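In what follows, a single structure is set out as C-alpha cells and then discussed.
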Amino acid sequence: MKIDSTRISRILNLYASQDPQIRGVKNRSSKADEVVLSKGAQIFQEALKAAKSVPDVRLAKVEEIKARLESGQYRVDSWSIASKMVDDLLKQDR
C-alpha cells in the first residue's frame, strides 16, 4: 500500500477544521470552580462557628460555686450523687 502525502495532509486539514466538540476536545473556560452551600448547610456552619466561639468553661458558674464553697453555703448531697451513679450504671447494662 502506498501512502500519499497529499491525502494525509487533506485528512489532517479536515480533522483540524472539525468542531472541537465533535472531536471530543473541550474548550477551556475561564470560569473557576465554585462551591454553593445549601441554606441548611449555611445555618449549620453559622451554628458551628457560634458554638466554637463559646468558652468551654462557664466562668460565672465556677465563680458562684467557688464563692459558695468559701462561705460554707455549698453542700454536696452524697446520697443524690451515689443514686445517679447507680442509675447510670444500670442504664448502661440494658
Going by what's in this entry, would A47 be described as surrounded by 10 or more Cβ atoms within 10 Å (Cβ to Cβ), modelled with pLDDT of 85 or more and not in a loop (DSSP other than H, G, I, E, B)? yes
Given the conditions (1) in a loop (DSSP other than H, G, I, E, B); (2) polar (S, T, N, Q); (3) at pLDDT 90 or above, which single one is not true for S29? (3)
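Would you tally the residues in the stretch 50-82 being basic (K, R) and in a helix (DSSP H, G or I)? If you could, list the steps in order and put the result at the bottom.
Going through the stretch 50-82, the residues basic (K, R) turn out to be 52, 58, 61, 66, 68, 75.
Narrowing the set further to residues that are in a helix (DSSP H, G or I) leaves 52, 61, 66, 68.
Summing the residues that are basic (K, R) and in a helix (DSSP H, G or I) in the stretch 50-82 gives 4.
The values are calculated or read from the model by the stated rules, or taken from the named source; none is laboratory data. This structure is a prediction, so every number in the text was calculated from the model and none was measured. With ideal geometry, Cβ positions are generated from the backbone for all residues, glycine too; neighbour counts draw on all protein chains shown.
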